[in-house]
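Here's the structure, in C-alpha cells; my notes come after.
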Amino acid sequence: MIRYITRRLLWIIPVLFAVSVITFLLMHAVPGGPWAREKALPDAVEARLNAKYGLDQPLYEQYGRWAIAFATGDLGPSYRYQDRTVNDIVADGFWVTFQLGVMAFGLAVLVGIPLGILAALGHNRWPDYLTTSISILGVTTPSFVLGILLIVVFSVQLGWFPTGGWEGPETWVLPTIALAGFPIAVIARYTRASMLEVTRKDYIRTAHSKGVRNQSVVSRHMIRNALIPVVTILGPTLAFLVTGSFIIERVFNIPGIGQFYLNAISTRDYSLLMAMTMLYAFAVAFLNVVVDVLYAYIDPRIRYS
Amino acid sequence: MTIPNEQTGRDAPTIVEVSPADARRLVTQEKVSLDKRPKAEKLLTVKGLSTHFFTPDGVVQAVDDVSFELGYGETLGLVGESGCGKSVSALSVARLVPNPPGRIVAGEIVFDGIDILRLGEDDMRKLRGKEIGFIFQDPLTSLNPTLTIGYQIAEAIKQHMGLSSKAATDRVVELLSKVGIPRAKDRLKDYPHQFSGGMRQRVMIAIALSCDPKLILADEPTTALDVTIQAQILELISLLSDEFHTAVLLITHDLGIAAGMCDRVNVMYAGRIVETGTVDELFEVPRHPYAWGLLDSLPRLDDVRGDRLRTIEGLPPLLISPPDACRFEPRCRFARDKCREKEPSLTEREQPGHFARCWATEPEGWIPA
Amino acid sequence: MATVTRPLPGQVVRERRSAGLWRDAWGRLRKNRLALVGLFMVLLLLFLGIFGPFIAPYPYAQQDLKAIQQAAADGYGIGPLNPGQYGHVLGTDQLGRDLLSRLLDGARISVSVALVVQLVILLIGVPIGAIAGWFSGRLDNLLMRFTDIIYAFPDLLFIIILSVVFRETAFGRAFDGLLMIFVAIGLTSWVTVARLVRGQLLSLKETEFVEAARAIGVQDRKIITKHLLPNGVGPIIVAVTLGIPGAIIAESTLSYIGIGVQPPRASWGSLIAEGYKWIRAEPHLVLFPAICIASALASFTFLGDGLRDALDPKLKGKQ
C-alpha cells in the first residue's frame with residue numbers, strides 16, 4: 001500500500017516536467033514578448049529589459065534557470081506587475097480560489113451522493129425523477145451559463161445575493177452553486193447507477209435472509225459498496241473544479257488566481273503563466289493521487305492484498 | 001379468477017386459477033402472532049405453492065402447485081435441473097422472492113405451526129436468520145466484500161439474540177471453530193476475499209447456523225466449489241444438522257449429493273414436483289421417466305470409454321402459459337396421446353409416501369412395474 | 001444429469017429472433033422516446049447549422065441602425081431591441097444586429113464544433129488506441145503513459161494557452177479562429193476514445209475467432225479492419241455522441257472568455273458575454289443563447305444515452 005502511494009506520487013514528477021516543458025515552449029513560440037503594449041517600446045529599451053531578465057538567452061538556458069528557481073520555490077518576477085513577484089500574486093489569490101473549490105466540492109458531494117442514493121431507493125418514483133431532472137439540468141448547462149442565470153434570478157430579480165465579489169458569506173453562495181452544478185449532476189447519476197447495481201447483488205439477498213432490518217441493509221451493506229465506484233469519478237470532478245473555478249471567478253468577479261491567470265495569458269507574463277500552469281497541473285495531479293489512494297483504501301479487496 | 005396486478009404486461013393475459021379462500025387469504029394482511037403457535041406435527045408444510053414472475057414477456061410460472069413436507073430434523077432433497085423451480089421454492093418459503101417481478105400467488109406455507117403467508121413483514125424478518133437459515137450457492141458473491149466475516153456472522157446474532165458484543169464475539173468464534181476454520185479468533189477481522197472458496201462456504205454455513213435455526217435452506221451449497229471440497233462441505237452440513245437437530249431443505253441438481261445427504265427426495269421438473277419418495281424408493285423403484293433419465297445419465301463404472309454420455313433429449317419447456325398436459329411429454333420416450341391431453345396428478349405408488357406424476361407408470365398405465 | 005441438447009422437432013422454443021446488431025439496436029432506440037426527441041433535435045440542429053445562412057432573416061453581422069434610431073425616437077431609449085420589435089423576431093443587440101440570425105450563426109458554429117472536433121478525436125484517438133491495443137507490451141505501456149500525461153494536463157488551460165499563442169498566426173485566423181479551437185479541443189479530448197479502442201482490441205484480441213483467423217494466415221491489418229473494428233464500433237459511436245456536449249461546452253466557454261471565435265462571428269458563448277451587460281434591461285440577449293446551448297447539449301446527451309442503451313441493453317441502468 002505504501003509502495004503504491006509512493007509510486008503514484010513519484011509519477012507526478014515526470015508529468016509536471018512534461019507540462020512545464022510544453023508550456024514553456026508554447027509561451028516562447030509566440031511572437032511578441034512580455035513587453036508588448038499598445039505602444040511599442042524603443043528597441044534599445046526592449047533589449048535592455050530582455051537582458052535584465054535573461055530573455056535574450058537560448059531557450060534551454062532560460063528553461064534551466066526557471067526550473068531551478070521553481071524547484072526552490074522561487075516563482076520568478078512578474079513581468080507585468082514589476083513591483084511584485086509571482087509568489088506574492090499567487091499567495092493573494094490562492095486562498096480565495098482554494099476556498100471556492102473546497103466549498104463547491106463539499107456541496108457537490110453532500111448533495112450529489114444523497115440525491116443518487118434517494119433516486120435509487122425510490123427507483124421509478126418521484127425521487128428518481130427529481131434527481132434525473134436535476135442531473136439533466138446540471139449536465140446541459142455550462143457553468144458560466146448557470147452562474148449567469150443564478151445572477152439574473154437571485155441577484156438581479158430577487159436581490160437576495162450580491163452579483164459578485166468576495167466579501168463575506170453572501171457572496172459565496174451563488175458562485176459555489178454555479179461551480180458545483182455540473183459535479184452534482186454527474187455524482188448523482190453515478191451514485192444512482194451504482195446503488196441500483198448493488199441492489200441486485202447476492203450479498204444483499206444474504207443480508208435479507210439473515211433478517212437484517214431494511215435500514216441496516218441499506219446503510220451498512222448497500223451504501224458502502226455503492227460508494228466505492230463513485231470515488232473513481234471524484235478525480236475528474238476535482239480536475240473540473242480546478243479549471244472551472246476560474247471561469248466562475250470571471251463571471252462573479254472573484255479575486256482568485258483564476259483572474260490573474262487569464263490576464264497573464266493575454267499579457268504574456270511568462271513567470272506568472274508558468275507558475276500558475278504548474279500550480280494547476282500539480283493540483284490536479286496531486287488530487288488524482290489522493291483520490292486513487294482513497295479508492296485503494298476503502299475497498300478492502302485492494303487494501304489487504 | 002384473475003389476480004389483479006399492475007405488473008402484467010399488455011401481452012400477457014395469463015389467467016391464474018385460485019380458489020376464493022386462497023385469494024382472500026393472500027389479499028388480507030391479517031397478522032399472525034409469532035408467540036402463540038399451535039403445535040405442529042411437521043416443521044414445514046407447503047401446500048399448493050405457486051410463485052409466478054411477471055415479466056414484460058409474459059408471466060413465468062416458475063413454481064406451480066408444489067406441495068411437500070419436512071419433519072423436524074429431517075433432510076429433504078429438492079432435485080432437478082436449472083430452471084425447474086427448486087430455488088424459487090426455497091426462496092418462497094422464506095419469502096425472499098424478488099418482488100418485482102416475482103410473487104407468491106397461491107398456496108399455504110406453515111412453518112412450525114405458523115402460517116407464513118399471513119405474517120406481517122416485520123415478524124417474517126424476525127424469523128429469517130433466527131429460525132430459518134440460508135446457505136447460498138456462490139459464497140464469493142453472497143458475502144459482502146467490504147465487511148469483515150466476523151461482522152457478517154455476528155450480524156444475525158446481534159439482531160436476533162440480543163447478546164452483548166463480547167458474548168456475540170465469543171459465539172462467532174465458537175461457530176467458526178465448529179465449521180472447521182482454524183485459528184478462528186485471528187480471522188474475525190478478515191475479509192471474504194482473504195478466504196478460499198471452501199472456507200467461504202464454511203463461513204456461510206456459520207452464518208446460517210448462527211442463531212440455531214430450526215430449518216436450513218441450502219441452495220446448491222457445493223455447486224460452486226471444487227469437487228474435493230464438496231465432500232467436506234456436505235459432510236459438515238450433515239454433521240451439524242444432526243448435532244443441532246436442524247432440518248435441511250437441500251436443493252441440488254446432483255443426484256449423488258441427494259443420495260448421500262437426504263432422507264427423502266422431491267424431483268422437480270418445469271415448476272412441478274414429478275416424483276417424491278425416500279432415497280431408497282427413488283433409486284430402486286423410480287416411477288417417473290424423468291427420474292429414469294436422471295439416473296440413467298449418471299456415468300457408470302461399467303460404461304465403455306468413447307461411448308457418448310446418455311442424455312435426455314430436448315429442452316425444458318418455457319414456463320409461460322404452459323398447456324394442460326404432461327410437461328415432460330415432449331422429451332419422453334414413453335409418451336402417448338393421453339399425456340398430451342391432460343396433465344397427470346401426483347398419485348401414490350406401491351410404498352406409502354411414494355408419489356409420482358405420470359400416466360404411464362400408474363397401475364393402469366402402459367409401463368409395467 | 002441431462003445436458004442441454006437440441007430441441008426436438010415440434011417443440012416450440014420461443015426465442016427472440018435477432019435481425020442483426022444494427023436492426024436490433026434501431027428497434028430498441030425507436031422505443032426510447034427521450035432518445036427520439038434527442039435525435040430529432042440533433043437533426044434539427046444539423047439542418048439549421050447547415051442551412052442557417054440561407055434561412056436567416058438578416059446577415060448576422062449586419063447592423064440595423066435605422067431600427068435602433070427609430071426605437072429611440074419612439075421613446076424606447078437607446079439600446080437593444082426587444083423581441084418582436086421593428087421586424088426582428090427575437091430582437092437585436094445594441095448594434096442592431098438581429099438576434100435570430102446571430103443565433104443561427106451560433107448554431108452553425110456549434111455544429112462545426114461538434115463534427116470537426118469529433119473527427120479530430122477519431123483521427124488521433126483511434127489509431128493510437130488501435131496500436132496500443134494490438135501491439136500490447138512496451139508500445140502499449142509507452143502510449144498509455146503518454147495519455148496519462150495528457151489526461152493530467154488541465155485541458156481548458158491548455159486550450160487557452162494554445163489559442164492565445166497561435167492567435168496572430170495564419171492557423172489561428174483560419175475560419176474566424178474556429179480551426180484552431182477545433183484542433184485544440186480535439187487535442188485534449190482524444191484520450192477517452194483511444195482508451196476505448198484499446199480496451200476493445202485488447203479484449204477482442206484474445207477471442208478465439210481471432211486466433212482462428214490468424215491460424216489461416218489472415219494479416220493482422222485485415223483482422224483489425226474487417227473483424228475487430230466493426231464489432232467495436234458501437235461503443236465508439238456512443239463515446240463520440242456523448243463527447244459532443246463537452247466540446248460544445250468547451251467552445252462556448254472559450255468564446256465567453258473572449259478566446260476562440262473572432263467577432264463579428266456569433267458563437268452562443270460570445271453572445272452571452274456580449275449580452276451580459278444588458279442583463280437587467282434586456283435579458284433576452286442572454287436568455288436565448290443560453291436556451292440554445294442547453295437544448296443542443298440536452299439533445300446530444302439524450303441521443304447518446306439512447307444509443308448506449310440501444311447498442312448494449314445489458315448496460316441499462318448503469319452509467
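Each reported figure results from applying straightforward, stated rules to the coordinates on display, with no laboratory input. What you see is a predicted model, and the numbers here were worked out from it, not measured in a lab. Here Cβ is always computed from backbone atoms with ideal geometry, including for glycine, and neighbour counts include all displayed protein chains.
Provide the per-residue ³J(HN,Hα) series for the stretch B:66-80, in order, calculated from phi with Karplus coefficients 6.51, -1.76, 1.60 and θ = phi - 60°, each as a whole number of Hz, with x at glycine and proline positions.
Here the 3J(HN,Hα) series is 9, 9, 6, 9, 9, x, 4, x, 8, 10, 10, x, 10, 10, x Hz.
Treating only the Cβ atoms of Lys and Arg (+1) and Asp and Glu (-1) as charged, compute the dipole magnitude of the stretch A:181-305 about its Cα centre; round to the nearest 20 debye.
Computed about the Cα centre, the dipole is about 760 debye.
Loop only by DSSP, 16 or fewer other Cβ within 10 Å of the Cβ. Give me the trypsin sites (Lys or Arg not before Pro) in the stretch B:277-369 that pass, ordered by residue number.
Here the trypsin sites (Lys or Arg not before Pro) that fit, given the DSSP loop and packing criteria, are B:300, B:305, B:308, B:310, B:333, B:336, B:342.
Out of residues 5 or more away from residue B:75 or on other chains, whose amide H comes under 5 Å of its own, with H placed 1.01 Å from N in the peptide plane?
B:248, B:263, B:264
Answer rounded, prolate or oblate for the stretch A:105-150, using the Cα gyration tensor with square roots of eigenvalues a ≥ b ≥ c: rounded when a/c is under 1.5, else prolate when a/b is larger than b/c, else oblate.
oblate
Residue B:194 versus residue A:4, label points 7 Å from Cα toward the beta carbon: distance in nm?
For residue B:194 paired with residue A:4, the spin-label model returns 1.5 nm.
Quick one: net charge around residue A:131, please, counting Lys, Arg +1 and Asp, Glu -1 for every other residue with C-beta under 12 Å from its C-beta.
Neighbourhood net charge equals +2.
Return the percentage of antiparallel bridges among DSSP beta bridges fully within chain B, rounded to the nearest 5 %.
Of all bridge pairs located within chain B, approximately 60 percent are antiparallel.
P(r) for the protein assembly as shown, please, calculated from all Cα pair distances in 20 Å bins and given in %.
Calculated P(r), rounded to whole percents: 11, 33, 31, 18, 7, 1, 0.
Under a plain spin-label model, where a point goes 7 Å from the Cα along Cα-to-Cβ, how far apart in nm are residue C:233 and residue B:278?
If labels sit at residue C:233 and residue B:278, their model points lie 6.7 nm apart.
So which residue, out of B:296, B:115, B:35, gets the largest mean-square fluctuation from a GNM of chain B using Cα contacts under 10 Å as springs?
Comparing B:296, B:115, B:35 in the GNM, the peak value goes to B:35.
Where both residues lie in the protein assembly as shown, what percent of DSSP beta bridges are antiparallel, nearest 5?
Approximately 65 percent, going by the DSSP bridge assignments.
For the pair residue C:215 and residue A:197, how long in nm is the line joining their label points, each one 7 Å along Cα→Cβ?
3.5 nm
When every alpha-carbon pair in the stretch A:90-199 is counted, what percent end up more than 17 Å apart?
Percent of Cα pairs beyond 17 Å in the stretch A:90-199: 58.
Which FRET efficiency, nearest 0.05, do residue A:91 and residue A:17 yield, Cβ-Cβ r, R0 41 Å?
The pair residue A:91/residue A:17 has a calculated efficiency of 0.95.
Counting other Cβ atoms within 10 Å of each Cβ, which trypsin sites (Lys or Arg not before Pro) in the stretch B:131-184 have at most 14 and sit in a DSSP loop?
Answer in residue order: B:183.
Pairs of alpha-carbon atoms within less than 8 angstrom and 6+ residues apart define the contacts here; what relative contact order does the stretch B:140-293 have, in percent?
Relative CO of the stretch B:140-293 lands at 18 percent.
Cβ under 9 Å from residue B:155's Cβ, residue B:155 left aside: what net charge do those residues give with Lys, Arg +1 and Asp, Glu -1?
+3
Which of A:4, A:295 comes first, and how do the rest follow, when ranked by fewest Cβ neighbours within 10 Å?
A:4, A:295
From the Cα gyration tensor of the stretch B:171-248, with a ≥ b ≥ c the square roots of its eigenvalues, which class applies: rounded if a/c is under 1.5, or else prolate if a/b is larger than b/c, or else oblate?
Since a/c reaches 1.5 but b/c is at least a/b, the shape of the stretch B:171-248 is classed as oblate.
Compute the Cα gyration tensor for the stretch B:120-233, then decide on rounded, prolate or oblate, letting a ≥ b ≥ c be the square roots of its eigenvalues: rounded whenever a/c is under 1.5, prolate when a/b is larger than b/c in the other cases, and oblate in all that remain.
In terms of gyration-tensor shape, oblate.
Taking only the Cα atoms of the stretch B:59-108, how large is their convex hull per residue, in Å³?
Once divided by residue count, the hull of the stretch B:59-108 is 90 Å³.
Positive end of the dipole of the stretch B:214-369, charges at C-beta (+1 Lys, Arg; -1 Asp, Glu), about the Cα centre: which of B:268, B:221, B:232 has its Cα farthest in that direction?
Result: B:268.
What's the center-to-center distance, using Cα atoms, between the stretch C:58-100 and the stretch B:181-223 in Å?
78 Å
Would you work out the relative contact order for chain B, in percent, from Cα pairs under 8 angstrom that are 6 or more residues apart?
18 percent
Could you compute the net charge surrounding residue C:288? Neighbours are other residues with a C-beta less than 15 Å from the C-beta of residue C:288; K and R count +1, D and E count -1.
Residues near residue C:288 contribute -3 overall.
Would you mind checking the pairs B:86/B:130; B:130/B:185; B:126/B:185; B:158/B:214; A:201/B:36 and listing those with alpha carbons more than 25 angstrom apart?
B:126/B:185; A:201/B:36, as the Cα separations exceed 25 Å there.
Return the unpartnered cysteines for the protein assembly as shown, using a Cβ-Cβ cut-off of under 4.7 Å.
B:84, B:211, B:262, B:332, B:358, C:292
What FRET efficiency would be calculated for the residue pair residue A:157, residue A:216, taking the C-beta separation as r and a Förster radius of 51 Å, to the nearest 0.05?
0.65
Give a quick list of chymotrypsin sites (Phe, Trp or Tyr not before Pro) in the stretch A:129-197 that DSSP marks as loop, anything other than H, G, I, E or B, with at most 12 other Cβ atoms within 10 Å.
Qualifying residues, ordered by number: A:160.
Rounded to the nearest 500, what is chain B's calculated 222 nm mean residue ellipticity when only DSSP H runs of at least 4 contribute -39500 (n - 2.57) each, over all residues?
-8500 deg cm²/dmol
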